[in-house]
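Below you'll find the structure, written out as structure tokens, and then a few comments.
Here, each number is a calculation from the coordinates, and none is a lab measurement. Since the model is a prediction, treat every value here as computed from it, not as a measurement. Ideal geometry is used to build each Cβ from the backbone, glycine not excepted, and the neighbour counts take in all protein chains shown.
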């Protein structure tokens, strides 16, 4: 909720006193730097130093600065155009990546959160609310990871318990009853693996959601905004339209866990990220997602408002299109959408259906 | 959400070719034929050995009535997945070892004279993991049941979704659950039989969606594997955690039924529910 917590992971606080003195310094030095972003951060630092020098010495470095900024933009573009799978996973987990409530703040004219599954409790990792967004009244459902440490702990870092999935189902039933489309924002490392979660039927809650979502008589749009961690993600992502932000990931297992199983150690993580084909680009090819929503240059964490705007445009179009469909046709197509996923051979020939 | 790759086949858990074998639970030396005659249950401690899919069908379905379906659906390596070994090679190895194309056998048959669609997962094929083939065959089994107005029995035995097909495996959870919603809409019966082990994406999809859920005694059933949970919470897990009896106690399993009684239990449920 609170944007001040973007302070976390700050590399330096030196520029905070000089806020407003330059165009870049205010935000950049507070941004968490990922390992592959170090050359970018160095260049940013140089630009910032030159800007400060210019201000202090009253010398005109504007042409040098212009050149450096151009170089910076070119490097940023080059870096982000060529992210490998493991780097993409890191971007999806960037501490300043917009979270559920950032989207709420940017996109919702009205948001009224509903609470509790009426069975056990009110999970903080999955949030549901009546919302006005993208020109429609909707039921908005999403994982929330939490921004500052306290909130993260309360939200279990976005790892939901069964009561979260059951609250989501309750919200969807309300949406069905009152003719509201459902929008889900997926951002979870996975469903919570713990004793209480098992005792209360983690598996059943996820299975039940997929079962009911496949026949819910109202349009559903899902967007994987950050991490699409396995069943924990899919438990709110059976939809008529499934999109993914450009640097989100979606997979049956996290690269770390996969590597731990197949290599009995952590050394294979980057390799497994590649092997799992978990990026938006790959998943579009397999038909798992219909649309890849482009992020602002350098990722959503550089421009959360820009990312939110892209999400809004997508939602507005999808909700408008889906509203025009007859619900029975919609359900037929929703079934077929998931029905055709998978690749296999039959009597020696390749019978799989791959989205081209 | 994973399957143990099974680098070393754990002979002691299956029934080796030899005359004698050791029960992994009570360590008793058992005469293999006696165990087989007892449906692969230890006569000393009632430990339920894992049962390969075809043998499961033989145990459950009336002799000579099983018509296998969708037998030619075969796996591919769509992601060209390589860890220490290529997925394609792994598949060939398991196909050779088990004589099956993938980890499920499906078909139509009779149980004590009641006609039913059956899918039995094979714990010996890559830990019974679910990839595109398992998802597709189970979905077709359910769809055929809808078309022919038959009840469905799925015998689960699986470590979960198959990592080597990544998100395509994951999507099989949605696909099978969607098919079951249609079966439900058609007013048809689904009996889910959980055997040791049923975890991950299989539990979190069709396995938990039965109108009735039967489990074999002491079967491990859960979402996350016990090791994952222990690592996450840094505690030792309580005795009996995630066993069939634990799930029944917590309201997620209707009946814990010894293997020898499964046929009559299934027949009884069919009699109550099939119009």
Could you give me D for segment A:267-311, from Stokes-Einstein at 4 °C and 1.567 mPa s, where the hydrodynamic radius is the Kirkwood radius over C-alpha pairs? Units µm² s⁻¹, please.
107
By Cβ neighbour count within 10 Å, fewest first, A:59, B:257, B:58, B:73 rank A:59, B:58, B:257, B:73
Among DSSP beta bridges whose residues both lie in the protein assembly as shown, state the antiparallel percentage, nearest 5.
50
Which whole-percent values make up P(r) of the protein assembly as shown when all C-alpha to C-alpha distances are grouped in 20 Å steps starting at zero?
19, 50, 24, 6, 1
Rg/Rg_globular for segment A:73-118, with Rg_globular taken as 2.2 N^0.38 Å and Rg from C-alpha atoms
1.75
Percentage of Cα-Cα pair distances in segment B:101-249 greater than 17 Å, rounded to whole percent?
59
Computed over all unlike Cα pairs, the Kirkwood hydrodynamic radius of chain B in Å stands at 18.9
Can you give the convex hull volume of the alpha carbon atoms of chain A per residue, in Å³?
163
Kirkwood-based Rg to Rh ratio, segment A:42-201, C-alpha trace:
1.16
Rg to Rh quotient for segment A:213-274, alpha carbon positions, Kirkwood Rh:
1.11
Grab the beta carbon distance between residue B:72 and residue B:93, set R0 = 25 Å, and tell me the FRET efficiency rounded to 0.05.
0.80
How compact is segment B:75-116 by the rule of thumb for globular proteins, expressed as Cα Rg over 2.2 N^0.38 Å?
1.72
Please compute the Kirkwood hydrodynamic radius over segment B:67-144, one decimal place, Å, based on all pairs of different Cα atoms.
13.3
Per principal axis, descending, Cα span of segment A:156-305 in whole Å
49, 40, 28
Explain nothing, just the number: relative contact order of chain B, from Cα pairs under 8 Å at least 6 residues apart, as a whole percent.
16
